[in-house]
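Please read the structure below before turning to the comments.
Every read-out reported here was derived from the displayed coordinates using simple, explicitly stated rules and does not represent laboratory data. If you're wondering where the values come from, they're calculated on a predicted model, not measured in any experiment. We place every Cβ from the backbone using ideal geometry, glycine too, and count neighbours over all the protein chains shown.
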Amino acid sequence: MTQRLDYMTAAPDAVKAVYGLEQYIARDAGLEPRLIHLLKLRASLINGCAYCVDMHTKEARKDGLSDQWIALVGVWEEAAVYTPRERALLAWTDALTNIAQTGAPDAAYEAMCAQFSEAEVTNYSVAISTINVWNRLAVGFRMEHAVDRAA
């Protein structure tokens, strides 16, 4: 796979705007870092973004999240490691990431509202939307992830 273009160089102001959302999510939204890792991993898996899955897996490990918790994100509905709060966020991440197919169903929204405040529901939705922007840029322009040394 060959990178199509360097979007950071091609449109730095556009990338700066997305980074602004990223900074809000990380510093000002009051969201739990572990849940940010969770939604970023899940959306990136759904979108088939190897670049982002690689990056967010490494970041989650660096922040002390277990290999099991990270590895089971792709099969979260069958995994016992996630709390009701995490499950609500995973379902909402699935719903928003696949919005053309799901229409953001009431059940997923209601599960979020049962676990989070309205501000948190909004801020997590912005976080989900932001990782979807990054995924679309990385997949669309064929960003290549670094290759670690062989196992």
Charge dipole (debye, nearest 20) of the chain; +1 at Cβ of Lys and Arg, -1 at Cβ of Asp and Glu: 420 debye
In deg cm²/dmol, rounded to 500, what helix-only [θ] at 222 nm does the chain give when every DSSP H run of at least 4 residues adds -39500 (n - 2.57) and the total is split over its residues? -20000 deg cm²/dmol
Relative to the longest principal axis of the chain, what angle (0 to 90°, nearest 10) does the C-alpha long axis of helix 33-46 take? 70 degrees
Given [x] 25, 19, 15; [y] 32, 23, 14; [z] 43, 18, 12, the label whose value is semi-axes √(5λ) of the Cα gyration tensor in Å derived from this model: [x]
For the chain, take the longest principal axis of its alpha carbons; what is the angle in degrees between that and the long axis of helix 118-140, to the nearest 10 within 0 to 90? 30 degrees
Relative to the longest principal axis of the C-alpha atoms of the chain, give the angle of the C-alpha long axis of helix 106-115, reported between 0 and 90° and rounded to the nearest 10°. 80 degrees
